[in-house]
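The next block holds one structure in the form of structure tokens; read it before the comments.
The values are calculated or read from the model by the stated rules, or taken from the named source; none is laboratory data. This is a predicted model, so every value here is computed, not measured. Heads up, the Cβs are rebuilt from the backbone with ideal geometry, glycines too, and the neighbour counts pull from every protein chain shown.
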2 protein chains.
Amino acid sequence: MVDDAIGQVIERLRARGRRITVARRALIEALIAEPGHVTAEELTATMHAQHPDVAESTIYRILDDLEQLGIVVHVHLGHGPAVYHLATGSHVHLVCDDCGGIIELPSAVVDSMAAQLRAAFHFESRFTHFSIGGLCQGCQLRSRSDDG
Amino acid sequence: MVDDAIGQVIERLRARGRRITVARRALIEALIAEPGHVTAEELTATMHAQHPDVAESTIYRILDDLEQLGIVVHVHLGHGPAVYHLATGSHVHLVCDDCGGIIELPSAVVDSMAAQLRAAFHFESRFTHFSIGGLCQGCQLRSRSDDG
DNA sequence: TTAGCTGCAAAAGGTTTGCAAATTA
DNA sequence: TAATTTGCAAACCTTTTGCAGCTAA
């Protein structure tokens, strides 16, 4: 069924006139195999196990292309490098400013907020591209005790 | 009253043991004079009109320091450089992914959302550090007509 | 006087680009 | 064959850092 998922993506690429190269196939495999959010650097490392001569610039180019085709999205969780994942299973991220911990939310959680912004500003919001920053429970407690 | 605002910030710096240098005073003036969101580069340009030999690295260092003191915040509106503004008047940004247009919201608009995240995840969210991406009305209409 | 700040220059980190060679269809 | 894709290396952009000299208190 992983193979199946790969086949489906490849189909979509062919349908849009892309050529299926070793690097593309390997990157799609890596994206499907990886569980969560991966940086370009991590993807490169994964792919280098099997294909050590794929250049990181190639990976950035393929990711760009996949993103334009709506197959992949990238997310900014914090100040570091962007992370990538398949566009299916897009979700919202709460990221703790102190410890960097991540809570993933189903997009539905922000629906009422999105509706509010749509009604008031005609703005169709996507909460998925940037994280929502803040403090997790642990860091709230810690900063309180630091104060005292 | 601008002078007054400057004086207040300088007081806070002194109270925390900072030295008041030409660069610091000029940067505070620039921040108070600038209307909205400014990048470090824009601040540098502004300051160079009066003080051409202040280094950009100095500006980054002072901004860091002011941020640690809670006087300044930086915000990521999109993929470009961070923008800075005084911590007073902190607000939420809706940024159009297509045209880059910005809508500023009073923080109160996200209060109910914040309450929801607090109740469900004990997460104290700050919607001010990253923008909320999406599509503004104009770009929604444009992309619809591009489809057809 | 002396700690804190600054300028300069260089480096770091993430991402993009130019170009000739390789590869896909 | 012809156009797309790639590897390599270099550039780019924003931000950080090391260090010696300057300056505010």
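Side notes on the structure shown:
- So B:SER125, is it at negative phi, facing chain A (nearest Cβ under 8 Å) and buried (at least 18 other Cβ atoms within 10 Å of the Cβ): yes
- Taking first residues from the range A:58-77 that are closer than 13 Å to A:LEU31 by Cβ and of a type in the set (Asp, Glu) and partners that are near DNA strand C (Cβ under 10 Å from one of its atoms) and in a loop (DSSP other than H, G, I, E, B), the Cβ contacts under 9 Å between residues at least 6 apart in sequence or on separate chains come to A:ASP65/A:ARG18.
- Looking across A:ALA40, A:ALA30, one residue alone is modelled with pLDDT of 95 or more and touching a Pro at 6+ places or on another chain (Cβ under 8 Å). It is A:ALA40.
- Scanning the range B:1-21 for residues that are surrounded by 11 or more Cβ atoms within 10 Å (Cβ to Cβ) and near DNA strand C (Cβ under 9 Å from one of its atoms) yields B:LEU13, B:ARG16, B:ARG18, B:ILE20, B:THR21.
- Meets criteria (on the phi < 0 side of the Ramachandran plot and away from chain A (no Cβ under 11 Å)) for B:VAL83: yes
- Filtered residues of the range A:110-122 (kept if in contact with a strand residue (DSSP E or B) (Cβ under 8 Å, 6 or more places away or on another chain), facing chain B (nearest Cβ under 7 Å) and surrounded by fewer than 19 Cβ atoms within 10 Å (Cβ to Cβ)): A:PHE121
- Output for the range A:1-34, where each listed residue is of a type outside the set (A, V, I, L, M, F, W, C), farther than 16 Å from A:VAL73 by Cβ and either more than 9 Å from DNA strand D (Cβ to nearest atom) or in a helix (DSSP H, G or I) (or both): A:ASP3, A:ASP4, A:GLY7, A:GLN8, A:GLU11, A:ARG14, A:ARG24, A:ARG25, A:GLU29
- Residue among B:GLN68, B:GLN50, B:GLN8 that alone is closer than 27 Å to A:GLY134 by Cβ and more than 12 Å from the chain's Cα centre (by Cα): B:GLN68
- Extreme residue, farthest from DNA strand C (Cβ to nearest atom), among residues of the range A:22-58 that are among the polar types (S, T, N, Q) and surrounded by 13 or more Cβ atoms within 10 Å (Cβ to Cβ): A:THR46
- Sole residue being of a type in the set (A, V, I, L, M), within 14 Å of chain A (Cβ to nearest Cβ), within 15 Å of DNA strand D (Cβ to nearest atom) and not in a loop (DSSP other than H, G, I, E, B), chosen from B:VAL95, B:VAL73: B:VAL73
- Residue within the range A:106-113 that is in a loop (DSSP other than H, G, I, E, B) and either small (Gly, Ala, Ser) or under 19 Å from B:HIS91 (Cβ atoms) (or both) present: no
- Failed criterion for A:VAL109 (all others in (1) modelled with pLDDT under 95; (2) within 16 Å of the chain's Cα centre (by Cα); (3) within 28 Å of A:ALA5 (Cβ to Cβ) hold): (2)
- A single entry from A:ARG126, A:ARG142 fulfils the requirement of being over 22 Å from B:LEU94 (Cα atoms), charged (D, E, K, R), out of contact with any Lys or Arg (no Cβ under 6 Å at 6 or more places or on another chain) and at pLDDT below 95: A:ARG142.
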